[in-house]
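Note sheet for the following structure.
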Amino acid sequence: MISRRKFLAATSLTGASIVTGNKSFSNFVKESPVLNSPIVISTWDFGIAANAAAWQILKNKGRALDAVEKGVQVPEADPTNSSVGYGGLPDRDGRVTLDACIMDELGNCGSVAALEHIMHPISVARLVMEKTPHVMLVGTGALQFALEQGFKKENLLIPSSEKAWKEWLKNAKYQPEINIENKLFSPTKLPGNQFNHDTIGMLALDAAGNLSGACTTSGMAYKMHGRVGDSPIIGAGLYIDNEVGGATSTGVGEEVIRNVGSFLVVELMRQGYPPEEACKEAVMRIIRKKPNTAKEIQVGFLALNKKGQYGAFAIQKGFSYAVCDANDQKLLVKANSYS
Ligand code: ASP
């Protein structure tokens, strides 16, 4: 186990800045140290609470798969989170449609897309993996399966999200865009802390040295009904290879799908790239293909390798991720970015 001081000393001076508790350190991480104990990392600041739930399983030598499912259930059930699960912003027809996937250390995976009325799409995805011969169920088929498995049908559109959608309808410009963080969706400024996107992608390494990952989102706000992003697509929004590591993504799903982003990050790590460098190369792949549009959108990748080293990189500033291990349960790291 390493102390925080050693952790900071073990890092070089060219990477992401670390924020922990109320303190912000000026130290930088290029490559986090090799860790021989469990760790869980996840996208955005809401990853802190999700990691805490996952940690309860990891610290007791539980399986990474159970940890990531439990972890991402936290933002899924949180009505104040407008981009994941219950309380998520609807599509342009006012329907909350959810995308999620999960992958374990054996390469098993399950996924649901455009699923309505179910608070925990990640758990439905897990059952697709465990109880069907398939990888992915979508729309009404996914709902039918969920109901057969005993999930409750619920109204996921909460009043604040409905209000934001009705505001959006006044102009209803169909231009789904993934904004740069803190620049709220235009033309409608969303009330409170609502954002028009952001996915929770979570990666965990357990005490047995096994990796799993989960990814869940309500996707891009005011998307076309039926639009599916990267988050439930194995290889795009999430990929795990227990020999190498795992990766997940957030941001404009279409660009991540076009570049099979998370698979790319894992394959780069297989070639020896440290996690942050692998994420950076995947971001650069997007930018090189579309230099103009890419500068206006956000895509962020997060990666964890088999040694417990992690890193991230985004196109735009503002992407953060949460890290939880035996040393610190509430670490928030600002990712490096192209911009
Ligand atoms: N990747 C998600 C999607 O395209 C949105 C996000 O993570 O910001 O649906």
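Read-outs: derived from the displayed coordinates by stated rules, not from any lab. In this text the structure is predicted, and so the values were computed from the model without any measurement. Positions of Cβ are generated from backbone atoms using ideal geometry, with glycine treated the same way; all protein chains shown enter the neighbour counts.
State the number of residues belonging to the range 305-319 that are crowded, with 21+ Cβ neighbours inside 10 Å and either under 17 Å from the mean Cα position of the chain (by Cα) or in a strand (DSSP E or B) (or both). Summing the residues that are crowded, with 21+ Cβ neighbours inside 10 Å and either under 17 Å from the mean Cα position of the chain (by Cα) or in a strand (DSSP E or B) (or both) in the range 305-319 gives 9.
Listed by position, the strands (runs of 3 or more DSSP E) inside the range 98-177 whose residues that are within 16 Å of the ligand (Cβ to nearest atom) and farther than 29 Å from E243 by Cα number at least 2 are 109-115. In the condition set (1) within 16 Å of the chain's Cα centre (by Cα); (2) buried (at least 24 other Cβ atoms within 10 Å of the Cβ); (3) within 25 Å of M129 (Cβ to Cβ), M269 is compliant with all but (1).
Scanning the range 272-293 for residues that are surrounded by fewer than 21 Cβ atoms within 10 Å (Cβ to Cβ) and either in contact with a strand residue (DSSP E or B) (Cβ under 8 Å, 6 or more places away or on another chain) or among the basic types (K, R) (or both) returns P274, E277, R285, R288, K289, K290. The requirement of being away from the ligand (no atom under 16 Å from the Cβ) and within 17 Å of the chain's Cα centre (by Cα) is not satisfied by E76. Scanning the range 30-61 for residues that are among the aromatic types (F, W, Y) and within 16 Å of the ligand (Cβ to nearest atom) yields W44, F46. Using the structure shown, decide if N108 is touching a residue at least 24 places away in the same chain (Cβ under 8 Å) and surrounded by fewer than 24 Cβ atoms within 10 Å (Cβ to Cβ). For N108, the condition - touching a residue at least 24 places away in the same chain (Cβ under 8 Å) and surrounded by fewer than 24 Cβ atoms within 10 Å (Cβ to Cβ) - is not met.
Restricting attention to the range 257-274, does a residue exist that is among the polar types (S, T, N, Q), under 23 Å from C109 (Cβ atoms) and within 16 Å of the ligand (Cβ to nearest atom)? Checked the range 257-274: at least one residue is among the polar types (S, T, N, Q), under 23 Å from C109 (Cβ atoms) and within 16 Å of the ligand (Cβ to nearest atom).
Residues in the range 257-304 that are assigned to a helix (DSSP H, G or I) and of a type in the set (F, W, Y): F263 alone.
Scanning the range 229-252 for residues that are near the ligand (Cβ under 8 Å from one of its atoms) and more than 11 Å from the chain's Cα centre (by Cα) returns G229, V252. Inside the range 235-256, residues that are in contact (Cβ under 8 Å) with a residue 60 or more places away in the chain, surrounded by 24 or more Cβ atoms within 10 Å (Cβ to Cβ) and part of a loop (DSSP other than H, G, I, E, B) make up a count of 2.
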